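Heads up, the thing below is written out as structure tokens.
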Amino acid sequence: MEWPHDPDGEEGSEGMRKYGQAVLAKKLDEEGDFPLSAAEFVDDHGDEPVRLNHTRVVSVADIFDVVEEDEFEDIVAFHRAVGRAMRDHDMWEVDVDAHA
């Protein structure tokens with residue numbers, strides 16, 4: 001896929017230092033963006049890349065294709081819904097058990 005900017009550049013994953021939900025969180029203003037419509041978020045950011053691991057990059061739209069909620073009341077609700085969708089659809093690269 002041709003990305004609008006480098007997934008590892010300053011607009012993307014910051015040189016591969018940020019992955020998954022951390023990349024999405026950078027796109028939000030916790031104070032001013034909520035409540036947040038999923039459709040508006042995808043309209044604004046859908047074609048942008050999100051690095052899931054050192055080799056896999058998906059678009060914001062790919063992630064939101066599997067998010068069930070249409071609106072998020074606050075950033076906690078956003079993270080819960082997006083995290084659940086990513087884990088349920090093989091887009092979650094952190095193995096919590098491996099770090100226990």
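The values are calculated or read from the model by the stated rules, or taken from the named source; none is laboratory data. Model, not experiment: these values are computed from the prediction. When we count neighbours, we look across all protein chains shown, and the Cβ atoms used for this are built from the backbone with ideal geometry, even at glycine.
Could you list all residues from the stretch 22-64 that are of a type outside the set (F, W, Y), more than 15 Å from W92 (Cα to Cα) and assigned to a loop (DSSP other than H, G, I, E, B)?
K26, K27, L28, D29, E30, E31, G32, D33, P35, G46, D47, E48
Pairs please, first residue from the stretch 56-85 and among the basic types (K, R), second anywhere and modelled with pLDDT under 95 and surrounded by 18 or more Cβ atoms within 10 Å (Cβ to Cβ), Cβ atoms under 8 Å, 6+ apart in sequence or on different chains.
That search, which allows pairs on different chains as well, returns nothing.
Which residues, taken from the stretch 58-82, are β-branched (V, I, T) and surrounded by 19 or more Cβ atoms within 10 Å (Cβ to Cβ)? Give the derivation first.
Going through the stretch 58-82, the residues β-branched (V, I, T) turn out to be 58, 60, 63, 66-67, 75-76, 82.
Answer for the stretch 58-82, where residues must be β-branched (V, I, T) and surrounded by 19 or more Cβ atoms within 10 Å (Cβ to Cβ): V60, I63, V67, V82.
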